[in-house]
Amino acid sequence: MRLKGLFWIFAVLLLAIWAVISYYVLYTVSIGWFFAVESLIALSMIYLFLFYQRVIKPLHIIGNGMELLKEQDFSSRLGKVGQVEADRVVDVFNRMMEQLKSERLRLREQNHFLDLLINASPMGVVILNLDEEILSVNPAACKILEIRDPEKVVGKTVAGVDSPLAEELARIPMNQSSTIRLNNASVYKCTHSSFIDRGFQHTFYLIEVLTDEVFSAEKKAYEKVIRMIAHEVNNTTAGITSSLDTLESTLRDAEEMEDVRELLRVLIERCYSMSRFITRFADVVRIPEPRRQPCSLNEIVASCERFMENSCHDRAIDIVTELAPGEPVASLDSVLFEQVLVNILKNSAEAIGEGGTIYIHTYAEPIGIEIADTGKGIDKATEAKLFSPFFSTKPNGQGLGLIFIREVLLRHGCRFSLRTYPDGLTRFKIWFDSR
């Protein structure tokens, strides 16, 4: 643009100079000289026109092309100027612009496709920027990390997100994967990796939900083991108990055999205890499907509190209830759910031992129950194993109580968590689906 402007300024100045010279020659010199000067002016104009067509215009066209490249306007094209060398440059430029346009459209379609794929993916995807801050999270990651507003976490570090899983993600080394169990029995496979974009490395996390697959595999495994053990133990104890009963009846009239009869009765009772013990394992496998109907949470809590009141009183454990006003109602099987609450209260009482407090809260919005205790608490290493089959922190525990609780709550569509908080209270929280 500057070159074209300078050319026209030069042309105007030249015309002005020739006009002055023509006027001077016309009035001071002969008419022949005047026509000679006019011919020279005409030749100069022709030369200027040819100079513009062959030099200035091609340079102006190329300059416009540079501006289009600078503005990344790949849809425009340059026109030919009628000059072989310049037109070759224009052809090359136009082909380059066509290729750039095609490449941009391809990348735009590819990026759009990847965006749609990431947003629709059941796997959580968290992408970080060069400063290791969150750049974007897909809907699956928002659901897994319980992020209500994705915009509010953009610019934060992963460790800065208020989520137990986010804390675990931040501990995974680069280019490694880890299977994470949370205190709500959820299982995730998390991968920490990176990709290169325009020469810069971006970190990302992939979160795959394995909860259903792990629970299904665990259930198949312990169902098979329990059924096999229950079958063998019950058959064996049934035969032994029958024989011992017969022997005890035979010796009933022999007074000198009272000690032997007492021993036989102990053995019989021990066989029955063994049968009841293995039946408890089998009952976990045979949990019935819940018969759900609208029930008042406050009434269920009050019933469980009365049931546990005497046993807690003997241990000097206080039960403090805070019931939500308005009688929150949830769709549940009252029999199964009362058994869940009783198991949780028993665990809290055993964690306290002697002298302490159990707090029970019900909530109306969202509908839920929280049971907290002042017991010894749960460490991080134990949290990840709490809802695993046959795991127990009790010396004589069978590892079935939390499995039963887990199965019943999952069949009710509940969300739940069990952990010890910084204030020292261990809280078992249960939320009902609001739908």
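The values are calculated or read from the model by the stated rules, or taken from the named source; none is laboratory data. Predicted model, so just to flag it, every value in this text is computed and none were measured. Backbone-built Cβ (ideal geometry, glycine too); neighbour counts: all protein chains shown. What goes into the accessible areas is simple: the full protein's heavy atoms, side chains included, and nothing from ligands, DNA or RNA. Shrake-Rupley method; radii C 1.70, N 1.55, O 1.52, S 1.80 Å.
Of note:
- Enumeration of residues in the stretch 332-357 that are closer than 16 Å to I300 by Cβ and open to solvent by less than 50 Å² (accessible area, probe 1.4 Å): L332, D333, S334, L336, F337, V340, L341, V342, N343, I344, L345
- Residue check for T241: exposed (fewer than 15 other Cβ atoms within 10 Å of the Cβ), modelled with pLDDT of 75 or more and either more than 30 Å from E133 (Cβ to Cβ) or touching a Lys or Arg at 6+ places or on another chain (Cβ under 8 Å) (or both): no
- Candidate set: the stretch 244-260, residues that are open to solvent by 40 Å² or more (accessible area, probe 1.4 Å) and either small (G, A, S) or modelled with pLDDT under 70 (or both); chosen: the one nearest to I226 (Cα to Cα): S249
- Selection from the stretch 265-274 of residues that are buried (at least 16 other Cβ atoms within 10 Å of the Cβ) and at pLDDT below 75: M274
Here's the yes/no breakdown for (1) within 30 Å of N184 (Cα to Cα); (2) assigned to a helix (DSSP H, G or I):
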{"position": "Q99", "(1), (2)": "no, yes"}
{"position": "D115", "(1), (2)": "no, yes"}
{"position": "I127", "(1), (2)": "yes, no"}
{"position": "L165", "(1), (2)": "yes, yes"}
{"position": "I172", "(1), (2)": "yes, no"}
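- Of the candidates A230, A217, the single residue that is touching a Ser or Thr at 6+ places or on another chain (Cβ under 8 Å), part of a helix (DSSP H, G or I) and among the small types (G, A, S) is A230.
- When the stretch 289-318 is limited to residues that are open to solvent by less than 70 Å² (accessible area, probe 1.4 Å) and in contact with a Ser or Thr (Cβ under 8 Å, 6 or more places away or on another chain), the one that is farthest from T362 (Cα to Cα) turns out to be I317.
For every residue, the table says whether it meets (1) of a type in the set (D, E, K, R); (2) touching a Lys or Arg at 6+ places or on another chain (Cβ under 6 Å); (3) open to solvent by 60 Å² or more (accessible area, probe 1.4 Å).
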site	(1), (2), (3)
I196	no, no, yes
K220	yes, no, yes
I226	no, no, no
I229	no, no, yes
E262	yes, no, yes
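- Of the criteria (1) at pLDDT 85 or above; (2) touching an Asp or Glu at 6+ places or on another chain (Cβ under 7 Å); (3) of a type outside the set (A, V, I, L, M), which one P389 fails: (1)
- Near pairs, Cβ below 8 angstrom, 6+ apart or cross-chain, from the stretch 285-306 (among the basic types (K, R)) to any residue that is modelled with pLDDT of 85 or more and part of a loop (DSSP other than H, G, I, E, B): R291/D333; R292/D333; R292/H412
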